[in-house]
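What follows is a single structure, written as structure tokens, with notes after it.
The values are calculated or read from the model by the stated rules, or taken from the named source; none is laboratory data. As the structure is a prediction and not an experimental result, all values here were calculated from the model. Glycine gets a Cβ as well: all are built from the backbone with ideal geometry, and neighbour counts include every protein chain shown.
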């Protein structure tokens with residue numbers, strides 16, 4: 001799947017693109033079911049909130065067949081090859097739970113700031129792509145992004161290890177306020193299957209979720225192969241060190257998997 | 001100001017009424033400026049988050065002229081006299097800050113549950129009326145209400161003294177999930193000056209606010225005079241013990257005050 005001229009222009013100017021219903025209900029159903037199973041597992045890749053609720057399952061594509069297909073899907077990989085003009089590899093892969101009632105906040109941050117400081121990634125030629133597994137409402141802790149903030153490069157940040165159970169390089173309040181004054185705030189919402197792509201320097205965050213609606217999303221972080229990380233400090237399953245270019249699967253691979261999965265469950 | 005037949009019907013069936021732009025920008029400006037001054041004061045009625053940010057200023061109508069007028073305003077008092085069929089008095093009056101960046105969560109609760117358990121209020125013949133002082137967006141910690149939940153009477157609750165700096169009788173997750181399955185979730189948003197009225201048994205809560213947009217609202221809790229509280233346990237400035245019926249001011253009293261206030265500032 002290729003991005004249109006209008007989408008490329010929006011990405012350049014605003015720093016983000018939203019593709020509603022990029023995956024079908026049938027394709028998403030299998031991912032959602034598998035995500036729930038993974039969150040129930042007791043393994044080091046599954047991180048939890050202080051409450052014990054799941055927060056993030058890292059590297060699910062390395063131990064789950066459905067997510068392994070998603071990690072090679074042309075609707076996600078091809079636009080990135082188009083943008084970077086070269087092959088990509090998977091820098092990070094995670095399923096964020098934002099559990100019902102207890103899903104915790106993600107403070108304002110830039111992803112590339114984290115990849116640069118913690119992993120030694122040279123340039124912001126990597127990008128987060130999020131795939132909605134549940135309906136994202138305005139009120140269940142949606143991702144909030146600050147348009148145009150990617151034009152400011154890497155902003156100064158402090159290492160927040162206290163707010164939540166996940167240490168993060170976060171921005172200070174005056175910086176966030178200035179950027180939102182300038183670019184506003186976008187809160188993409190919509191049905192499961194929507195896909196949000198945003199520049200590695202886009203400032204974003206999300207509030208807690210006190211509703212009974214979980215808001216699971218998958219994050220693929222795809223990095224241009226030439227931009228591989230130089231000085232990793234995090235475990236391999238958080239910041240991968242296998243820089244092999246991704247070979248895409250067929251466009252109907254996930255659908256076929258979903259159908260045989262449903263058949264097996266009959 | 002009287003409620004219409006349609007509004008009375010909605011209140012009976014759904015448990016809430018929203019009146020957009022009930023107060024003008026000119027009227028709200030003076031309340032917002034005075035609220036900011038009050039939040040800067042060091043007094044026992046002003047409660048703070050763990051971060052030090054203001055959370056709630058109780059009884060502001062007893063020590064601030066602008067809020068004293070709001071507390072007698074016919075656009076708020078008259079609908080309640082109409083609903084209860086008798087005079088009302090002020091049970092509680094507070095300005096909630098929901099400060100930018102740090103505004104904390106209010107867990108799911110019913111107000112009457114608190115008034116009944118903590119103050120000995122006999123019947124749910126009291127109601128919260130909230131007046132928006134800032135724009136309420138979907139993303140700055142808006143009040144979320146569960147329509148029709150007022151039909152269930154007082155639900156069992158536990159005393160939460162740990163989540164936030166304000167102890168509250170809160171509902172358990174399965175109960176909230178069941179009620180939202182049944183009635184859905186409403187999130188009234190809009191410009192400063194909007195007024196939200198909801199039944200004392202409506203289940204409601206609000207998420208934290210990580211945006212740079214504060215979300216100050218005033219809460220008037222008006223109680224039918226015959227329903228005065230029997231066994232108060234909280235300080236007088238949290239649950240008032242002066243049951244004198246409110247004498248309404250003129251409809252233009254707040255506007256006139258705002259104009260003389262603006263003149264004095266010239």
Condition check for residue A:131: closer than 17 Å to residue A:188 by Cβ, within 14 Å of chain B (Cβ to nearest Cβ) and buried (at least 24 other Cβ atoms within 10 Å of the Cβ): no
Which listed residue is crowded, with 19+ Cβ neighbours inside 10 Å and either more than 18 Å from the chain's Cα centre (by Cα) or over 30 Å from residue A:207 (Cα atoms) (or both), from B:117, B:55, B:125, B:43: B:125
Out of A:79, A:122, sole residue that is at negative phi and either without any contact (Cβ under 8 Å) to a residue 12 or more places away in the chain or part of a loop (DSSP other than H, G, I, E, B) (or both): A:122
Among residues of the stretch A:179-204, those that are over 13 Å from residue A:216 (Cα atoms) and within 14 Å of chain B (Cβ to nearest Cβ), counted: 12
Test: residue in the stretch A:84-96 that is surrounded by fewer than 24 Cβ atoms within 10 Å (Cβ to Cβ), part of a helix (DSSP H, G or I) and at pLDDT below 95: yes
Single condition residue B:68 does not satisfy, out of (1) surrounded by fewer than 22 Cβ atoms within 10 Å (Cβ to Cβ); (2) touching a residue at least 12 places away in the same chain (Cβ under 8 Å): (2)
Any hit, the stretch B:206-215, residues being surrounded by 16 or more Cβ atoms within 10 Å (Cβ to Cβ) and closer than 19 Å to residue B:80 by Cα: no
The stretch A:134-146, residues that are within 14 Å of chain B (Cβ to nearest Cβ) and either crowded, with 23+ Cβ neighbours inside 10 Å or assigned to a loop (DSSP other than H, G, I, E, B) (or both): A:135, A:136, A:137, A:138, A:139, A:140, A:141, A:142, A:143, A:145, A:146
Count - residues of the stretch A:55-76 that are part of a strand (DSSP E or B) and closer than 19 Å to residue A:30 by Cα: 3
Tally of residues being more than 16 Å from the chain's Cα centre (by Cα), over 25 Å from residue B:213 (Cα atoms) and in a strand (DSSP E or B) across the stretch A:185-215: 0
Unmet criterion (only one of (1) within 14 Å of chain A (Cβ to nearest Cβ); (2) more than 15 Å from the chain's Cα centre (by Cα)) for residue B:151: (1)
Matching residues, the stretch B:171-185, being closer than 28 Å to residue B:238 by Cβ and surrounded by 20 or more Cβ atoms within 10 Å (Cβ to Cβ): B:171, B:176, B:179
Unique match (being touching a strand residue (DSSP E or B) at 6+ places or on another chain (Cβ under 7 Å) and either in contact (Cβ under 8 Å) with a residue 24 or more places away in the chain or over 24 Å from residue B:43 (Cα atoms) (or both)) among B:88, B:62: B:88
Criterion violated by residue B:109 - all others in (1) part of a loop (DSSP other than H, G, I, E, B); (2) within 14 Å of another protein chain (Cβ to nearest Cβ) satisfied: (1)
Any hit, the stretch A:225-237, residues being out of contact with any helix residue (DSSP H, G or I) (no Cβ under 8 Å at 6 or more places or on another chain), surrounded by 22 or more Cβ atoms within 10 Å (Cβ to Cβ) and modelled with pLDDT of 95 or more: no
Evaluation of residue A:112 against (1) surrounded by fewer than 18 Cβ atoms within 10 Å (Cβ to Cβ); (2) closer than 12 Å to residue A:223 by Cα (one fails), failing number: (1)
